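Trainee: I am attaching a structure below and will ask some questions about it afterwards.
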Amino acid sequence: MSSSAVQNAARRSGSRSGSGSGFGWWKVLVAGAVGAAVVNLIVFAVAALAGASLVVVDAGAEHPITVGGVIGSSVVPLVVGVGAALLLARWKPVFLRIAQYVGSGLALLSVAGPLSSGADGGTVAALTVMHITLGVAVFTTLQLHRRHRRDR
């Protein structure tokens, strides 16, 4: 075996262990969480500028939507769900594909919450877009990881 073949084999095996260049699982996870939070903060700002109340009424109590709430609701579900999928995929890679559709589907199903809330139209629209954004972020984050695994 030539020395270049040995070097190429070593490079390929090194990238599989996560020490190679490119996106590692944690980089993809952080990128997805930050991306979802940034897009949802933009939606929040646009809704506020458009005059949406950004208050949800539940059982007669008003719950204001805050910047911290938007960040937490964008980051926590994505990190927990995608993180669990990435861990399960180390055992069975098929979990990446399953999680793409289940996670995105759950985020889309959660749109029912804002649609049934007692909020004004602007708030409902903003929350709906935020839930859809999270579903797209879950799908895209897992797709980035799947594509990276395939390219190795």
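Trainee: For the stretch 44-82, name all the residues that are on the phi < 0 side of the Ramachandran plot, part of a loop (DSSP other than H, G, I, E, B) and not hydroxyl-bearing (Ser, Thr, Tyr). Break it down into steps so the answer makes sense when it comes.
Mentor: From the stretch 44-82, those on the phi < 0 side of the Ramachandran plot are 44-50, 52-53, 55-58, 61-82; that's our starting set.
Narrowing the set further to residues that are part of a loop (DSSP other than H, G, I, E, B) leaves 50, 52-53, 65-66.
Of everything in the stretch 44-82, those that are on the phi < 0 side of the Ramachandran plot, part of a loop (DSSP other than H, G, I, E, B) and not hydroxyl-bearing (Ser, Thr, Tyr) turn out to be ALA50, ALA52, ILE65.
Trainee: Something else about it: Could you give every pair whose Cβ atoms fall below 6 Å, whose first residue belongs to the stretch 25-43 and is assigned to a helix (DSSP H, G or I), and whose second residue is among the aromatic types (Phe, Trp, Tyr) and surrounded by fewer than 16 Cβ atoms within 10 Å (Cβ to Cβ), counting only separations of at least 6 or pairs across chains?
Mentor: Every condition considered, no pair remains.
Trainee: Here's something else I'd like to know. Take the conditions surrounded by 19 or more Cβ atoms within 10 Å (Cβ to Cβ) and touching a Pro at 6+ places or on another chain (Cβ under 8 Å) and apply them to ALA99. Does it pass? Before the answer, list the steps.
Mentor: Details: surrounded by 19 or more Cβ atoms within 10 Å (Cβ to Cβ): yes; touching a Pro at 6+ places or on another chain (Cβ under 8 Å): no.
Judged against the criteria, ALA99 is not a match.
Trainee: List every residue pair whose Cβ atoms sit under 6 Å apart, with the two residues 6 or more apart in sequence or on different chains, where the first one lies in the stretch 50-71 and is closer than 12 Å to VAL124 by Cβ and open to solvent by less than 60 Å² (accessible area, probe 1.4 Å) and the second, anywhere, is assigned to a strand (DSSP E or B) and not basic (Lys, Arg).
Mentor: Close Cβ pairs satisfying both conditions: VAL55/GLU62; VAL55/PRO64; VAL56/HIS63.
Trainee: Looking for something open to solvent by 60 Å² or more (accessible area, probe 1.4 Å), at pLDDT 90 or above and either within 19 Å of the chain's Cα centre (by Cα) or among the small types (Gly, Ala, Ser) (or both) - is there at least one such residue anywhere in the stretch 10-19?
Mentor: Taking every residue of the stretch 10-19 in turn, none turns out to be open to solvent by 60 Å² or more (accessible area, probe 1.4 Å), at pLDDT 90 or above and either within 19 Å of the chain's Cα centre (by Cα) or among the small types (Gly, Ala, Ser) (or both).
Trainee: Do you know which residues across the stretch 45-78 are of a type in the set (A, V, I, L, M), farther than 16 Å from SER110 by Cα and in contact with a strand residue (DSSP E or B) (Cβ under 6 Å, 6 or more places away or on another chain)? I'd like the intermediate steps shown before the answer.
Mentor: Kept after step one, since they are of a type in the set (A, V, I, L, M), are these residues of the stretch 45-78: 45-50, 52, 54-57, 59, 61, 65, 67, 70-71, 75-76, 78.
Narrowing further to those that are farther than 16 Å from SER110 by Cα: 45-50, 52, 54-55, 57, 59, 61, 65, 67, 71.
Across the stretch 45-78, the qualifying residue is only VAL55.
Trainee: All but one of (1) touching a Gly at 6+ places or on another chain (Cβ under 7 Å); (2) over 15 Å from PHE139 (Cα atoms) hold for SER104; which doesn't?
Mentor: (2) is the only condition that SER104 fails.
Trainee: While we're on this one: When you check VAL94 against the structure, is it at pLDDT 85 or above, out of contact with any Pro (no Cβ under 7 Å at 6 or more places or on another chain) and either farther than 20 Å from THR140 by Cα or among the acidic types (Asp, Glu) (or both), yes or no?
Mentor: Working: at pLDDT 85 or above: yes; out of contact with any Pro (no Cβ under 7 Å at 6 or more places or on another chain): yes; either farther than 20 Å from THR140 by Cα or among the acidic types (Asp, Glu) (or both): no.
Considered against the rule, which asks whether it is at pLDDT 85 or above, out of contact with any Pro (no Cβ under 7 Å at 6 or more places or on another chain) and either farther than 20 Å from THR140 by Cα or among the acidic types (Asp, Glu) (or both), VAL94 comes out as no.
Trainee: May I ask you to list the residues in the stretch 72-96 that are open to solvent by 70 Å² or more (accessible area, probe 1.4 Å) and more than 20 Å from ARG146 (Cα to Cα)?
Mentor: Hits for the stretch 72-96 are SER73, VAL76.
Trainee: Another question, then. Among residues belonging to the stretch 114-148 that are among the small types (Gly, Ala, Ser) and under 8 Å from the mean Cα position of the chain (by Cα), point out the one that is surrounded by the fewest Cβ atoms within 10 Å (Cβ to Cβ). Let's see the steps before the verdict.
Mentor: Kept after step one, since they are among the small types (Gly, Ala, Ser), are these residues of the stretch 114-148: 116-119, 121-122, 125-126, 135, 137.
Now narrow it down to the ones that are under 8 Å from the mean Cα position of the chain (by Cα): 135, 137.
Details: GLY135: 20, ALA137: 27.
Checking each candidate, the answer is GLY135.
The values are calculated or read from the model by the stated rules, or taken from the named source; none is laboratory data. From a predicted model like this one, the values you see are computed outputs, not experimental measurements. Because the Cβ atoms are built from the backbone with ideal geometry, glycine has one as well, and the counts that use them run over all protein chains shown. Surface accessibility is based on the protein's heavy atoms, side chains included, excluding ligands, DNA and RNA. Shrake-Rupley method; radii C 1.70, N 1.55, O 1.52, S 1.80 Å.
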